[in-house]
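Right, one structure below, let's go through it.
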Amino acid sequence: MLIKSIKTSLASLCAGLAFAASGSVLAADPGITDTTITLGMSAPFSGPNGAYGKEMKEGALAYFAQLNANGGVNGKKVELVTLDDGYETDRTVANTRKLIDENKVFALMAYYGSSPTTEAMKLFSEAKTPLLGTISGAGSLRSPVNRYMFHLRASYADETEAIVNHLVGMGIANIAVFYQNDGFGKSGKDGVVAALARHKLKPVAEGSVERNSLQVEAAVAQIAKSNPQAVIMVTLYKPTAEFIRQMRKAGQMPQFSTLSPIGADLLVGEMGAKDAHGVGISQVMPYPWNDTVPVVKEYHKALQAFAKHTRYSYYGLEGFINAKLVAEAMRKAGRDLSREKLVNILETTPFDLGGYKINYSPTSHNGSRFVDLTVLGRDGRVLR
């Protein structure tokens, strides 16, 4: 009887283990329940660059509020966990680990910065957790292709090529570059150098500033000596504003041009409309005030309903479009959603998000090369 009892117990145990193993295979990926899908976002919501993250977050939440009010994704509500990284690499890495290990998110979206995202990439790649969209056009994040990272915006090479071609087309050849001494700035500077080389030109001077610093004096002294006709600035709004002020104080009046991460509204807010007038900015999103573009009109309506204001911005629109891409890709992946299905859908399906088109493939995760050149008008408005 004892032997029979032991055999029965062992059989029951083996059956239980087999059932558990079978269940683990069929279990949903992290972040998915019967009623919700949880996503994660790390971006600066405080510090010198906090305004960038706040605008992105607001745009994304406005989209998800609209989405959830209309049934969510295949009947599941979308929740977004947002963590502040202050645009600091170590905090971004810690946030990524927390989002994956503790918050158990299904996917990540709307990260910020080249260097922070580069370090975080090691974690989310190992965890096979997709990241859709980051405020970075750095080539180092795009090549070689990372299976779990998808870019929403054009690259810095695309932006700098458009700026250089425009300046050279105007007869401007003496072009200097001012850049942030990190992954963002160096990638943008490399783009400027490469674009100039295609016109058989070189930068007449280079100067840099450390991330989260306003110490631009050395860069101003170095660049002013070359008396440039134009300066391409690969920096964020606070050091950009300080650099322009000090260059003008030094008697230098070149054409100042900068890239999309600047945030036009933030630069105007920092400098004032009068001093910001004439600064050229390349943009990688549709014009946020042109509601003839379907996705822009949708953004206006959603932001007004969610945030009760009409302070439209490029960063807000990018957050909105980023959220829409994630939702559309999850919807197309079907009710039996998984991370691998999401990746496969992204790599094989073109997306028209309402006038902003995205196309990925297994060999390219660069979704768009859209670049629009703008300039700040006398009243601080962005002109095209």
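The values are calculated or read from the model by the stated rules, or taken from the named source; none is laboratory data. Quick caveat: nothing in here was measured; it's all calculated off a predicted structure. Glycine also receives a Cβ, built like all others from the backbone with ideal geometry; neighbour counts cover every protein chain displayed.
Observations, loosely collected:
- Test: residue in the range 161-171 that is more than 30 Å from ALA28 (Cα to Cα), among the acidic types (Asp, Glu) and surrounded by 17 or more Cβ atoms within 10 Å (Cβ to Cβ): yes
- Among helices (runs of 4 or more DSSP H) entirely within the range 230-338, having at least 2 residues that are more than 22 Å from ALA218 (Cα to Cα) and under 22 Å from the mean Cα position of the chain (by Cα) singles out 264-271, 294-307, 314-333.
- VAL93 being surrounded by fewer than 24 Cβ atoms within 10 Å (Cβ to Cβ), of a type in the set (Val, Ile, Thr) and out of contact with any helix residue (DSSP H, G or I) (no Cβ under 9 Å at 6 or more places or on another chain): no
- Scanning the range 363-380 for residues that are touching a helix residue (DSSP H, G or I) at 6+ places or on another chain (Cβ under 8 Å) and either without any contact (Cβ under 8 Å) to a residue 24 or more places away in the chain or of a type in the set (D, E, K, R) (or both) yields ARG369, ARG378, ASP379.
- The residue list THR348, THR374 contains one member that is at pLDDT 95 or above, closer than 23 Å to LEU167 by Cβ and among the hydroxyl-bearing types (Ser, Thr, Tyr), which is THR374.
- Residues considered: THR118, THR160, THR129. Of these, the only one that is within 30 Å of GLN66 (Cα to Cα), polar (S, T, N, Q) and in contact (Cβ under 8 Å) with a residue 24 or more places away in the chain is THR129.
- Residue in the range 121-132 that is among the hydrophobic types (A, V, I, L, M, F, W, C) and over 20 Å from GLU340 (Cβ atoms) present: no
Quick grid of which residues meet (1) of a type outside the set (A, V, I, L, M); (2) at negative phi; (3) modelled with pLDDT under 95; (4) outside the structural domain of TYR87 (by TED's automatic domain parsing):
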| residue | (1), (2), (3), (4) |
| --- | --- |
| MET121 | no, yes, no, no |
| LYS128 | yes, no, no, no |
| THR160 | yes, yes, no, yes |
| VAL168 | no, yes, no, yes |
| ASN212 | yes, no, yes, yes |
| GLN215 | yes, yes, no, yes |
| VAL220 | no, yes, no, yes |
| SER226 | yes, yes, no, yes |
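For every residue, the table says whether it meets (1) more than 20 Å from THR129 (Cβ to Cβ); (2) modelled with pLDDT under 95.
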| residue | (1), (2) |
| --- | --- |
| TYR52 | yes, yes |
| GLY75 | yes, no |
| THR96 | no, no |
| LEU99 | no, no |
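- One residue alone among VAL209, VAL268, VAL220 is among the β-branched types (Val, Ile, Thr), under 27 Å from ARG384 (Cα atoms) and either buried (at least 19 other Cβ atoms within 10 Å of the Cβ) or touching a Gly at 6+ places or on another chain (Cβ under 8 Å) (or both), and that residue is VAL268.
- Close pairs (8 angstrom Cβ cut-off, 6 or more residues apart or separate chains): more than 15 Å from PRO261 (Cα to Cα) and touching a residue at least 60 places away in the same chain (Cβ under 8 Å) in the range 311-338, part of a helix (DSSP H, G or I) and β-branched (Val, Ile, Thr) anywhere: PHE320/VAL295; ILE321/VAL295; LYS324/VAL295; ALA329/ILE345
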